[in-house]
Amino acid sequence: MGFLVPILIGVLFAAGVYCLMRRSIMKLVIGVMLISQGANLLVFASGGLLAGSPPLVPADGQEPVAPFGDPLPQAMVLTAIVISFGLTAFVLTLVHEAHEAVGDDDTDAFRSTDT
Amino acid sequence: MSGLLLLLPLLLPLAGTIVLLAGSLSVGFQRVGAVVCSGLTLVASLVLLVAVDRAGILVVQLGSWEAPFGISLVADRLSAVMVAFSALLGAAVAVFSLGEISRRRIQRFFYPLYLLLLFGVNGAFLTGDLFNLYVWFEVMLIASFVLTALGGARAELEGGLKYVILNLFSSALFLSAAGILYGVLGTLNLADLAVRLEASPDPGWLQAASLLILVAFGLKAAVFPLFFWLPASYHTPPSTVSAIFAGLLTKVGVYALIRVYTLVFEPLFPQAQGLLLAIAVLTMITGVLGAAAHFEMRRILSFHIVSQIGYMVLGLAFFTPLALAAAIFYIIHNMVAKTNLLLISGIVIRLQGTADLARVGGLYRSAPWLAVLFFLPAFSLAGIPPLSGFWAKLGVVRAGLEGGWWFAVAAALVVGILTLYSMTKIWAEAFWKPRPEGALPLMAGGVGRLGWMVVPVATLSVCTVALGVFGEFLFAFSERAADQLLSPQEYISTVLAGRGKE
């Protein structure tokens, strides 16, 4: 199973970048979401993937039995998931408002501040 | 005690945010709260700066978890001076906002967001942990996202959308780099990373992570070719917001680049040097050419932010003690001058209804005091002695000549001339030219509470002069800060020993 995770990370990044290149602003949001999921998965996998080895200290011991899964990436990825959840909510609102104001979801209609 | 010194520049804006969010939404309360809070933060940051300069690096291990297991907050000279000047800008712009920010915005929680932005920026300067830096970036970004789009007008939403999407992309790259570094080195504490990286047998992964970080921070610092979000979004919100963004956000990106390349990726620097030089030169040139092509004050100034970032990255790319000192001096000078110029564009909009140079004019006659206040930061930006920009540019150029980087030095000098051209253009169009036909009626913006806008502008102009006249003092400080950066042993041993030097 372990070999699937890097492939999945790659697919998420590729799909995300593809969506960012499209012209619909809704696809921008989807693209950013996919990329941040890819990054989250990468952080999660960075501590090494070990099935069925929780970092728990047995009742009669001082430290967890090796090998155990690294808990730190899991803590970090939780933080990152919460952050990306909040940002996604914000971006969805922003896209909605921008769509109302511009009246179009084609990124070509969003160029009035560029030049 | 020293721990409290380090924490106060973070705790004060956080407390201010909470009080203003929870407290009354009355305009008076929000205004007074924001100004008082940013003023107290300024005092606390100045105390921190003096303490760090005298006593050396201060460290706080949050939750008393020894580094590298807990999160360390670290203040060395660079961090402390960045915190001090962002607090100066924070206080000045808070006073300015009293004259500009409308009741409607205040009731949409403008001031809590403003203090949250200062909180995030200070956190990014003070943290000693890579993942924590990511979190501070997000705090800073979410506050800036909402501040950009708060007005809800079409331009703000359009500019805001570009700003948000590109910055989220860069955050994802940063997070990936943090994940890779943790996977290879097993730590995220910056000092510990520096120790383990030297002993690491796996340079390929580290190179990949360092380049991902270069792209992520480069996007936030708005370097070539990643700067497009900046000129598209900075001219849309009120001048208060553009000014504080111009002073703080891109500088956080530059600070982060300097921090990781001097502390963590120092062994990888030789491979990155050519790339950094090219980025710096192209950033300077494209920024200044973009500014030359525009005819609206705030758009011109936005492109100049990009161009000036090039000088700072150039200082990093030369990587000599003098060059880093010049880069630090440059950041400080630029924070003050650039914020001030954007505030002045806000006053121009207030007096004449627009900052479009084709439709304003005659300010030298109608508001000579404003002409003087504009003259100082504008010509400082262009590098005219004895203002602060001259010493900053002189430092960068001398460092380049010592290292034999003729091409980069030539580019820096040409860009200096083109900067002068842009500033002269604003001067000639807005101040000297008679008011054009078809200009908006005078005082179209209404002049109520203009005094609140003038006082901070005057203060920052005086600061620019003072930074120039007392340039030697500040340059000596920058050199001490650069020495600290180039001999990271003090930083590493202070953080990993778990105690400050006292």
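In the set A:Phe3, A:Phe44, A:Phe13, only one residue is away from chain B (no Cβ under 14 Å) and within 26 Å of B:Leu206 (Cβ to Cβ); that residue is A:Phe3.
Within the range B:183-194, being part of a helix (DSSP H, G or I) and more than 9 Å from chain A (Cβ to nearest Cβ) holds for B:Leu185, B:Leu190, B:Ala191, B:Asp192, B:Leu193, B:Ala194.
Residue-by-condition table, conditions (1) buried (at least 18 other Cβ atoms within 10 Å of the Cβ); (2) within 11 Å of another protein chain (Cβ to nearest Cβ); (3) outside any helix (DSSP H, G or I):
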position	(1), (2), (3)
A:Val29	yes, yes, no
A:Ala39	yes, yes, no
A:Pro54	no, no, yes
A:Pro58	no, no, yes
A:Gly86	no, yes, no
A:Glu97	no, yes, no
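Yes or no, residue by residue, for (1) modelled with pLDDT of 90 or more; (2) hydroxyl-bearing (Ser, Thr, Tyr); (3) in a helix (DSSP H, G or I):
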position	(1), (2), (3)
B:Phe69	no, no, no
B:Leu73	yes, no, no
B:Ala91	yes, no, yes
B:Ala94	yes, no, yes
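Kindly indicate whether B:Ala208 is in contact with a helix residue (DSSP H, G or I) (Cβ under 9 Å, 6 or more places away or on another chain), surrounded by 23 or more Cβ atoms within 10 Å (Cβ to Cβ) and among the aliphatic types (A, V, I, L, M). Here the answer is no, as B:Ala208 does not meet what is asked.
Annotation: of all residues in the range B:124-141 being more than 16 Å from B:Leu188 (Cβ to Cβ) and touching a Gly at 6+ places or on another chain (Cβ under 7 Å), the one that is surrounded by the fewest Cβ atoms within 10 Å (Cβ to Cβ) is B:Val139. On inspection, B:Leu206 qualifies as under 18 Å from B:Leu276 (Cβ atoms), out of contact with any strand residue (DSSP E or B) (no Cβ under 6 Å at 6 or more places or on another chain) and either among the small types (Gly, Ala, Ser) or within 14 Å of another protein chain (Cβ to nearest Cβ) (or both). The test for being in contact with a helix residue (DSSP H, G or I) (Cβ under 7 Å, 6 or more places away or on another chain) and either assigned to a helix (DSSP H, G or I) or more than 8 Å from every other protein chain (Cβ to nearest Cβ) (or both) does not hold for A:Pro67. Here B:Pro112 passes the criteria (1) more than 18 Å from the chain's Cα centre (by Cα); (2) modelled with pLDDT of 90 or more; (3) open to solvent by 10 Å² or more (accessible area, probe 1.4 Å); (4) more than 15 Å from B:Leu42 (Cα to Cα) except the one numbered (3).
Report whether or not B:Leu161 is more than 9 Å from chain A (Cβ to nearest Cβ) and open to solvent by less than 10 Å² (accessible area, probe 1.4 Å). So B:Leu161 does not fit the description; no. Among the hydroxyl-bearing types (Ser, Thr, Tyr), farther than 19 Å from B:Gly70 by Cβ and within 7 Å of another protein chain (Cβ to nearest Cβ): does that describe B:Ser144? In short, no.
If you go through the range B:175-216 and pick out every residue that is of a type in the set (D, E, K, R) and either in contact (Cβ under 8 Å) with a residue 24 or more places away in the chain or touching a Phe, Trp or Tyr at 6+ places or on another chain (Cβ under 6 Å) (or both), you end up with 2.
Looking only at the range B:66-82, decide whether some residue is of a type in the set (Gly, Ala, Ser), closer than 30 Å to B:Leu188 by Cα and without any contact (Cβ under 8 Å) to a residue 12 or more places away in the chain.
First pass over the range B:66-82, keeping only residues of a type in the set (Gly, Ala, Ser): B:67, B:70, B:72, B:75, B:79-80.
From what is left, the residues that are closer than 30 Å to B:Leu188 by Cα are B:67, B:70, B:72, B:75, B:79-80.
After this cut, where a residue has to be without any contact (Cβ under 8 Å) to a residue 12 or more places away in the chain as well, the list is B:70.
Yes, the range B:66-82 contains at least one residue that is of a type in the set (Gly, Ala, Ser), closer than 30 Å to B:Leu188 by Cα and without any contact (Cβ under 8 Å) to a residue 12 or more places away in the chain.
Filter the range A:18-27 for residues that are open to solvent by 30 Å² or more (accessible area, probe 1.4 Å) and assigned to a helix (DSSP H, G or I); which is farthest from the other protein chains (Cβ to nearest Cβ)? If you could, list the steps in order and put the result at the bottom.
Applying the first criterion (open to solvent by 30 Å² or more (accessible area, probe 1.4 Å)) to the range A:18-27 yields A:18, A:20-23, A:26-27.
Next, only the ones that are assigned to a helix (DSSP H, G or I) stay: A:18, A:20-21, A:26-27.
Values: A:Tyr18: 13, A:Leu20: 7, A:Met21: 12, A:Met26: 11, A:Lys27: 11 Å.
The extreme case among them is A:Tyr18.
Of all residues in the range B:164-182, exactly one satisfies the criterion of being open to solvent by 10 Å² or more (accessible area, probe 1.4 Å) and more than 8 Å from chain A (Cβ to nearest Cβ), namely B:Leu166. The criterion of at least 2 residues that are under 17 Å from B:Val409 (Cβ atoms) is met, among helices (runs of 4 or more DSSP H) falling completely within the range B:305-390, by B:321-352.
Of the helices (runs of 4 or more DSSP H) contained entirely in the range B:98-152, those carrying at least 2 residues that are of a type in the set (Val, Ile, Thr) fall at B:130-149.
The values are calculated or read from the model by the stated rules, or taken from the named source; none is laboratory data. These numbers come from a predicted model, not from an experiment. Methodologically, a virtual Cβ is constructed for each residue, glycine included, from the backbone with ideal geometry; neighbour enumeration extends over all protein chains shown. Side chains are part of the model used for accessible areas, which takes the heavy atoms of the whole protein and leaves out ligands, DNA and RNA. Shrake-Rupley method; radii C 1.70, N 1.55, O 1.52, S 1.80 Å.
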